[in-house]
1. With each label point set 7 Å from Cα along the Cα-Cβ vector, what nm distance links Ser75 and Ile119?
2. So, R0 is 41 Å and r is the distance between the beta-carbons of Ala63 and Ala100; what FRET efficiency does that work out to, to 0.05?
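Throughout, read-outs are computed from the coordinates displayed, never taken from laboratory work. Bear in mind the structure is a predicted one, so any value in this text is a computation, not a measurement. Glycine gets a Cβ as well: all are built from the backbone with ideal geometry, and neighbour counts include every protein chain shown.
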Amino acid sequence: MNEAAKPLVPGRRETTVEVHRPTPLVPMPSAPVVPVQPGTISAVTSVVLPDGRVVTGYALEPAKPEPVAAKPPVSRAAVNIALGGIGFGAVCGGLFLLTAFITALTALITQLITLAAVIFGGWVAVQVLSASGHRSGTTVNIRKAVFKRNHFHG
């Protein structure tokens, strides 16, 4: 069954190619099929194949689909109540968040006002305390001052 191949390109060496041809199988006489009643199938079943081999295994029953139960229709009132409950929950959550935001904003404003009062009070205290220790400038004796036509003459 070997056949030599012709060279593909002139001027090159020839190579030998083996061609394998499959051997046909001889059909075996098939075993007669014996009908078996469903009540007589044992837990383990043996089957004789056409080529004489015996296969042993468990018999399986075909799967039966479960009957589809009809769903009861949902009433519109039940749907409306469910949606109303979801909406009520969303509104309550939103009001809670709004209240928490307003409370936090109030606390922030209060802290900013307190900070401004402390800074301004400190600035005033520094001005008052530094003015009493500072002696430069003009000293006016108010007892001797004279006011003429809304003008101060010292």
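1. Label at Ser75, label at Ile119, 6.5 nm between them.
2. Values: r = 57 Å, r/R0 = 1.39.
According to the calculation, E is roughly 0.10.
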